[in-house]
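Worksheet: one structure, shown below.
The values are calculated or read from the model by the stated rules, or taken from the named source; none is laboratory data. Just so it is clear, the structure is predicted and the values come from calculations on it, not from any experiment. We place every Cβ from the backbone using ideal geometry, glycine too, and count neighbours over all the protein chains shown. In case anyone asks, the SASA skips ligands and DNA or RNA and just uses the protein heavy atoms, side chains included. Shrake-Rupley method; radii C 1.70, N 1.55, O 1.52, S 1.80 Å.
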Amino acid sequence: MSNYHIKQLEEYFQVYRKSVNNPESFWEEIAEEHFVWRKKWDQVLEWDFSKPEVKWFKNAKLNITENCLDRHLPTRGDKTALLFEPNNPKEEAQHISYRKLHEKVCQMANVLKDHGIKKGDRVCIYLPMIPELAFAVLACARIGAVHSVVFAGFSATALSTRINDCDCKMVITADGSYRGAKTLNLKSIVDVALEDCPEVKSVLVAQRTGEKIDMVEGRDHWLKPLLDKAYSDCTAEVMDAEDPLFILYTSGSTGKPKGMVHTCAGYMVYTAYTFKNIFQYREEDVYWCTADIGWITGHSYIVYGPLANGATTVMFEGVPSYPDYGRFWEVVQKHKVNQFYTAPTAIRALAKEQLEHVEKYDLSSLKVLGTVGEPINEEAWHWYNNNIGKKKSPIVDTWWQTETGGIMISPIPYVTPTTPTYATLPFIGIQPALMDEKSNEIQGNQVEGRLCIKFPWPSMARTIWGNHERYRDTYFAAYENKYFTGDGALRDAVGYYRITGRVDDVIIVSGHNLGTAPIEDSINEHPAVAESAIVGFPHDIKGNALYGFVILKEVGQSRDRDNLRKEINQQITEQIGPIAKLDKIQFVPGLPKTRSGKIMRRILRKIAGKDAKNLGDISTLLNPEVVKEIKDNAL
Ligand code: WT7
């Protein structure tokens, strides 16, 4: 039996039992046998969810890049580590070997050091999906700087908020980025953001699109000449197991984004272990995750998890629709991809197009298909299974979160029998619980409740940067001694889990986690707007789209409604990013409120979802009359 690579269902149950009955000795064995340490731990786990405080591999010393790079050099030096597939299919793919990647990361690390970046400093990375993004992430980890990657689709305001929240000293960016047929000038966005970020002392600029940009004397530096003359060796900083590795922002149901802090050792062990099993990765395989490294999926399953296993990981710059809707499958054929991991929203978008975009290509290399980011609907699941997997490749529906660092509930392919729309069984070491309204754990099967995790796992986020209290309040206050996920789930007759969706004010649009509060704040700043409320409604491709109910001020009443809609979306685009734009905006005279003044989103959700026949008892509302008015004019 192998604890590290599970190949049979009985093995899964056996290893799972071991991981739950004796977590410390279980994880100790995994950590000992599969990673390199500068110093071993004194204690495997110390935890207290009431504080909350979690420490894995206490006092161990390591550097994650030695595990992702150096240790592979003797055996895999010439193996492709990073396979870069550019936006334009006519541009050649780059096969970056483990040796080359090690060299590039060391050079980048030396450039960071030359610019005064030390262990513990925060570095903001705002780059498109080009190899420099992976170099930058790993270079930070090499010298112990904490990376904060901000997805390069975020606006200047969103960027400056994130830079300031964790006091980044440096920003690494590019002149521009390619997204299908479009070019985006990233540097100009950084320039605007930095007007509000006085602490940023240097900006490194990778060249990608070659467009004209402004360089601020003394602050901005082209990356390439610096890299070219940097030493290609750089000693890895010795990190404590619990030193922060990175910060990654995720939206919450209230206020500003939460900077989730992940630490070195536990994150490494868990992402590597899940990657190996959930994708059944074997030495010669080519693995492709289509996410952007700006999200946790890219951190854990493009960069760290695959590289810690010595895998070949594809990094794709483009979009599924360029130059046509066959692009994903063209890339699968070209690189003989074995494991393919994408989001339900991409599957739905592709399923709408002609099947010939799929049929043109040889997809016989595929062995495992994955999905992540939101519940996958049955139709999309079957389209993926029939047309991409040809009913031969198991689909792993992987449930997890930015906060969990790694995959939590998922089938193991060729091991766990799959069921459409079910994430199936908890991964090794994960102890889920479903909670009822009275905060009791629901026992048994065929039940539904709120999903919690009742025991620590190695890759869980340890805090919210600069706000431990918010971390406790958000995740550990709702249920005693448990981590609350914010999701609802059901457990069926055989114990399989199905995630039913968010139970809080977070809406998942095209797989992106959006909090209602920051969007409402942005709308309310418009001079014509008095108040607003955002809800999600079902959308064919995006899963959910946003519906805004907006009350205008006196001054807004006479304005052209369509212009106002444009202005509101423009404002959201500038302050948050285009992903947060509203599909529908209804101007309303009031919002349904409880007597304590809380907006009844449940009612708005039903109206937006065209499901307003039975709204339940609304007589206790402060203003029941407004409901009919909103319903009659719904869009
Ligand atoms: C939320 C976390 C984890 C990487 C991408 C999203 C939803 C995620 C699934 C799935 C149903 C899912 C949950 C979760 N979610 N995967 N397989 N089935 N829902 O990370 O932005 O932190 O969002 O995404 O609602 O809480 P994130």
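List the chymotrypsin sites (Phe, Trp or Tyr not before Pro) within the range 383-477 that DSSP assigns to loop and that have no more than 16 neighbouring Cβ atoms inside 10 Å.
414
With runs of 4+ DSSP H residues as the only contributors, calculate the mean residue ellipticity of the chain at 222 nm using -39,500 (n - 2.57) per run, divided by the residue total and rounded to the nearest 500.
Here the helix-only value at 222 nm equals -8000 deg cm²/dmol.
Would you rank 83, 355 by solvent-accessible area, highest first, keeping every protein chain in place and using a 1.4 Å probe?
Output order, biggest surface exposure first: 355, 83.
Note down the relative contact order for the range 46-178 as a percent, whole number, built from C-alpha pairs under 8 angstrom at least six residues apart.
Once normalised by length, the contact order is 22 percent.
Mind running the shape call on the range 506-632? Use the C-alpha gyration tensor, a ≥ b ≥ c as the square roots of the eigenvalues: rounded below 1.5 for a/c, prolate if a/b tops b/c, oblate otherwise.
Oblate is the answer for the range 506-632, as a/c is 1.5 or above yet b/c matches or exceeds a/b.
What does the C-alpha gyration tensor say about the overall shape of the range 304-384? Classify as rounded when a/c is under 1.5, otherwise prolate if a/b is larger than b/c, or oblate.
oblate
For each pair in 104/360; 18/40; 55/367; 334/367; 258/566; 119/224, compute the distance between the two Cα atoms and list the pairs where it is over 26 Å.
Distance filter (> 26 Å) returns 104/360; 55/367; 258/566.
Say the cut-off is 32 Å between C-alpha atoms; which of 169/276; 51/256; 276/581; 276/390 go over it?
169/276; 276/581, as the Cα separations exceed 32 Å there.
Within the range 350-421, report the GluC sites (Glu not before Pro) that DSSP leaves as loop and that have at most 14 other Cβ atoms within 10 Å.
Hits after loop and neighbour filter: 353.
Within the range 142-236, which trypsin sites (Lys or Arg not before Pro) sit in a loop by DSSP and count at most 15 neighbouring Cβ atoms inside 10 Å?
Passing both the DSSP loop test and the Cβ count: 201, 212, 219, 229.
In what sequence, highest mean first, do 406-412, 343-349 appear when ranked by Cβ atoms within 10 angstrom?
Output ranking for 406-412, 343-349: 406-412, 343-349.
With bins 10 Å wide starting at 0, give me the P(r) of the range 1-148 over every alpha carbon pair, in whole percents.
Distribution as computed: 10, 26, 30, 25, 8, 1 percent.
Near the amide H of residue 206, under 5 Å away, which other amide H atoms are found, from residues 5 or more places off or on another chain, if H is placed in the peptide plane?
Amide H neighbours of residue 206, under 5 Å, 5+ apart: 173, 174, 175, 223.
Which value, to two decimals, describes the C-alpha radius of gyration of the chain once divided by 2.2 N^0.38 Å?
Against the empirical 2.2 N^0.38 Å value, I get 0.95 for the chain.
If 397, 611 are ordered by their accessible area, calculated over protein heavy atoms with a 1.4 Å probe, which sequence runs from highest to lowest?
Solvent-accessible surface, decreasing: 611, 397.
Relative contact order for the range 330-456: what percent, with Cα pairs under 8 Å and sequence separation of 6 or more?
RCO, the range 330-456: 17 percent.
Could you go through the range 559-571 in sequence order and give the Karplus-derived ³J(HN,Hα) for each residue, using 6.51 cos²θ - 1.76 cosθ + 1.60 with θ = phi - 60°, rounded to whole Hz, and x for Gly and Pro?
The phi angles translate into 7, 5, 5, 5, 5, 4, 4, 4, 5, 5, 5, 5, 4 Hz.
Rg and Dmax of the range 203-287 over Cα atoms: what are they, in angstrom?
Rg, Dmax (Cα atoms, Å): 19.2, 50.
State in Å² the accessible area per residue of the chain; use a 1.4 Å probe, count heavy atoms of protein chains only, and round to the nearest integer.
Per residue, the chain has 39 Å² of solvent-accessible surface.
First compute the accessible area of the range 1-72 with a 1.4 Å probe, then give the percent of it belonging to carbon and sulfur atoms.
On the range 1-72, the fraction of accessible area on carbon and sulfur atoms equals 44 percent.
Among rounded, prolate and oblate, which fits the range 247-328 when a ≥ b ≥ c are the square roots of the eigenvalues of its C-alpha gyration tensor, a/c under 1.5 means rounded, and a/b larger than b/c means prolate?
oblate
Sorted by accessible area (1.4 Å probe), largest first, how do 274, 209 line up?
Final ranking, largest accessible area leading: 209, 274.
State the percentage of accessible surface on the range 98-148 attributable to carbon and sulfur atoms; use a 1.4 Å probe and exclude ligands, DNA and RNA.
Of all accessible area on the range 98-148, carbon and sulfur atoms account for 43 percent.
Restricting to Cα pairs below 8 Å that are 6+ residues apart, what does the relative contact order work out to for the chain? Please round to a whole percent.
Contact order relative to length: 12 percent.
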